[in-house]
Amino acid sequence: MRYLSFMHNSQELYGCIANDAVVDLGKRSGLPDLAAYITANFSRLGSETDLEPDFTLDAIRYLPVIPSPSKVLCVATNYYEPGEEERHETGFPLLFSRFAASQTGHAEPLPKPDISDTFDYEGELAVIIGRTGRRIPQVDALSHVAGYACFNDGSVRDWQKHSTQFTPGKNFARSAGFGPWMVSTDELPDPTGLALTTRVNGELRQSNNTSRLIFSIPFLISYISQFTVLEPGDVIVTGTPSGFGSTRKPPVFLSVGDVVEVEIEKIGTLRNDVAAESDAWQ
Ligand code: MG
């Protein structure tokens, strides 16, 4: 089942998709947001069948799948290169966090900061937690997942590199696309083997497969849950493959008018147009 958060007539709502239209689940459940709905219905996700849709897809504006997660934890580059031999990984992942305000929804503008010309894309798989857990063993990790979504970990490279901490460059307002929806684990039980591609203006920039993650999703859930309690609605953004703009030769960054698409097999395509800050805040 696909779950999403959205705006309709200036109201923040959430729901699921049925027959290519939107079912308002808040109206039916009385729960305030998708994270609360996941908390209450984790073991029943995917069972919302035979519900009459309330809105057409073109009548809504997409919000980030989880608009206000208690945590968004992100992994730095995390894929073996195409052709690179997988090795036994003995280190630890580089983690950083994003604030909720740094997210935006599918089809919403991505504001290019006026104060930087190094705005970059990173296509990634996002994991949405569905069940509370602490010190989760790797073998149980996937049983804590509610579903998966596309994420563009939009990065402002000069601000990312002002110091050794990534926080400023990874937290410009609305710089990360998150969507269009979450595909729940009843429909997508195994997050491996999914082709991930990123295109800019239709040109292929990143191409890899979630089977080629250096730190696997069970490892990441287990590792992160050693130091923090993972709660429903928390988001783990699992890292990007090679091919993002700052590592290209010559480097190429996003400009106003560019169209960024992150497509993940069995999930969908997240699309955002890069806009001037002044236009993005209309
Ligand atoms: Mg990233």
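Could you work out [θ]222 nm for the chain from helices alone, using -39500 (n - 2.57) per DSSP H run of at least four and dividing by all its residues? Round to the nearest 500 deg cm²/dmol.
Working: 5 runs with 32 residues, N = 282.
Taken over the chain, the calculation gives -2500 deg cm²/dmol.
Over the chain, what is the relative contact order in whole percent, taking alpha-carbon pairs under 8 Å and six or more residues apart? Don't skip to the end; give the middle numbers.
Numbers: 704 pairs, mean separation 71.1, N = 282.
So the answer I get is 25 percent.
Which whole-number value in Å² is the accessible area per residue of the chain, probe 1.4 Å? Before the final figure, lay out each step's value.
Values: 12240 Å² over 282 residues.
Computed with neighbouring chains in place, this is 43 Å² per residue.
Just going by the charge dipole of the stretch 66-280, with Lys and Arg at +1 and Asp and Glu at -1 on Cβ, which of S116, P137, N209 is farthest out on the positive end?
Value: P137.
In nm, to one decimal, how far is the S29 label point from the F99 one, both placed 7 Å along Cα→Cβ?
Between S29 and F99, the label points sit 2.8 nm apart.
Using the alpha-carbon centroid of each, what span in Å lies between the stretch 158-193 and the stretch 32-81?
Rounded to whole Å, the Cα centres lie 14 Å apart.
First obtain the Kirkwood hydrodynamic radius of the stretch 4-141 from its Cα pairs, then insert it into the Stokes-Einstein equation at 10 °C and 1.306 mPa s, and state the resulting D in µm² per second as a whole number. Mind showing how you got there, number by number?
On the way: Rh = 18.0 Å.
Here the translational diffusion coefficient equals 88 µm²/s.
Please list, or write none, the lysines whose alpha carbon is within less than 17 Å of the alpha carbon of K161, excluding same-chain residues fewer than 8 places away.
K170
For the chain, give me the percentage of DSSP beta bridges that are antiparallel, rounded to the nearest 5 percent.
Values: 55 of 63 bridges.
In the chain, approximately 85 percent of DSSP beta bridges are antiparallel ones.
For the chain, which whole percent of the accessible surface, found with a 1.4 angstrom probe, sits on carbon and sulfur atoms?
On the way: 6140 of 12240 Å².
Roughly 50 percent of what the probe reaches on the chain is carbon or sulfur.
Can you find, among T49, V260, V75, the residue sitting farthest towards the positive end of the charge dipole of the chain, where Lys and Arg contribute +1 and Asp and Glu -1 at Cβ?
Toward the positive end, the furthest listed residue is V75.
Compute, for the chain, the length of the dipole vector about the Cα centre, with Cβ point charges of +1 (Lys, Arg) and -1 (Asp, Glu) only. Units Debye, rounded to 20. Walk me through the intermediate numbers first.
Working: 23 positive and 36 negative charges, 148 e Å.
Using Cβ point charges on Lys, Arg, Asp and Glu, the chain gives about 720 debye.
P(r) for the chain, please, calculated from all Cα pair distances in 10 Å bins and given in %.
P(r) for the chain, in whole percents per bin: 7, 31, 37, 21, 4, 0.
Can you grab the distance from the C-alpha centre of the stretch 1-20 to the C-alpha centre of the stretch 195-210, Å, no decimals?
The two parts, judged by their Cα centres, are 26 Å apart.
If you take the alpha carbon radius of gyration of the stretch 147-282 and divide it by 2.2 N^0.38 Å, what ratio comes out, to two decimals? Spell out each step's value before the answer.
On the way: Rg = 15.7 Å, N = 136, 2.2 N^0.38 = 14.2 Å.
Compared with the compact-globule rule of thumb, the stretch 147-282 sits at 1.10.
Restricting attention to the stretch 199-282, which chymotrypsin sites (Phe, Trp or Tyr not before Pro) occupy a DSSP loop and are surrounded by at most 11 other Cβ atoms within 10 Å? Let's see the in-between values first.
On the way: sites: F215, F219, Y223, F227, F244, F253, W281; in loops: F215, F244, F253, W281.
The qualifying sites are W281.
With r defined as the distance between the Cβ atoms of E265 and D20 and R0 fixed at 22 Å, what FRET efficiency is calculated, to the nearest 0.05? Let's see the in-between values first.
Values: r = 19 Å, r/R0 = 0.88.
Once the sixth-power term is evaluated, E becomes 0.70.
Pop the C-beta distance of S163 and L204 into the FRET formula with R0 = 35 Å and round what comes out to the nearest 0.05.
Numbers: r = 33 Å, r/R0 = 0.94.
Computed FRET efficiency for S163 and L204: 0.60.
The values are calculated or read from the model by the stated rules, or taken from the named source; none is laboratory data. What you see is a predicted model, and the numbers here were worked out from it, not measured in a lab. Cβ: placed from backbone, ideal geometry, glycine included. Neighbour counts: every protein chain shown. Side chains included, ligands, DNA and RNA excluded: accessible areas come from the protein's heavy atoms. Shrake-Rupley method; radii C 1.70, N 1.55, O 1.52, S 1.80 Å.
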